[in-house]
Amino acid sequence: MHIADALAQHYTSTKQQLRDNSSASVLCPIARATDYIWQLGLQYPASGLVPSSDYDQVLILHFVGVWTTRVLPLLLTESGGLASTDLATLSKCILARRRSLKQRGPFWNGQSLSIAEVVVAPFADDILHGGVIPDSREFGALAAWLASVRASPLVSNAATQYGDVVTPA
């Protein structure tokens, strides 16, 4: 199976599984899914899923950690109360990564997708169109990055090939 096909299938199944679980039972599948993607990235370094430098790995792990443990569970339970500090942390991680990039582009790795885009992609619509991100300059990097993720082939091809599992409200 080609890595793009594996990621597209992962995108669809993860979105459905996470929607079917409550917040309390979501963290284990999220951790397994994230570990699966990380291992794919290590096994296929040319994929760009996992950055090669130690600094960039720490930065992306921090981003994915905040996303999977603090933002996503609240987003899935629709209990509201997403902390703007968590969203600001994600935005700051994106800005720090952009400053360290030699190659510019809309994604974490410039022109190629990374684990950050893969774990966030199933929920980009929910965040962008759900009024989750405050309309301020502080969150501009996060909003622009999410728009790029939403427009990426990972999301558009998966939605076309496998059907969008959940449409935004």
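Nothing in this text is a laboratory measurement; each read-out follows from the coordinates by a stated rule. Every value quoted in this text rests on a predicted model; they were computed, and no experiment measured them. So basically every Cβ, Gly included, is an ideal-geometry build from the backbone, and we count neighbours across all protein chains shown.
For the stretch 83-151, take the alpha-carbon Rg, divide it by the Kirkwood Rh, and send me Rg/Rh.
0.94
With just the Cα atoms of the stretch 44-96, tell me how far they stretch along each of the three principal axes, in Å, largest first.
39, 22, 12
Assuming R0 = 25 Å, what is the FRET efficiency of D54 and T77, from their Cβ-Cβ distance, to the nearest 0.05? Before the final figure, lay out the partial values.
Values: r = 34 Å, r/R0 = 1.38.
The computed FRET efficiency comes out at 0.15.
For A144 and L95, calculate 0.36 nm times their separation in residues minus their Cα-Cα distance, and state this gained length in nm to one decimal.
Values: separation 49, 0.36 × 49 = 17.64 nm, distance 1.10 nm.
Between A144 and L95, full extension yields an extra 16.5 nm.
In the neighborhood of T89, defined by Cβ-to-Cβ distances under 12 Å, what is the net charge if each Lys or Arg adds +1 and each Asp or Glu adds -1? Please list the in-between numbers first.
Numbers: positive: R70, K92; negative: D86, E138.
Charge balance near T89 sits at 0.
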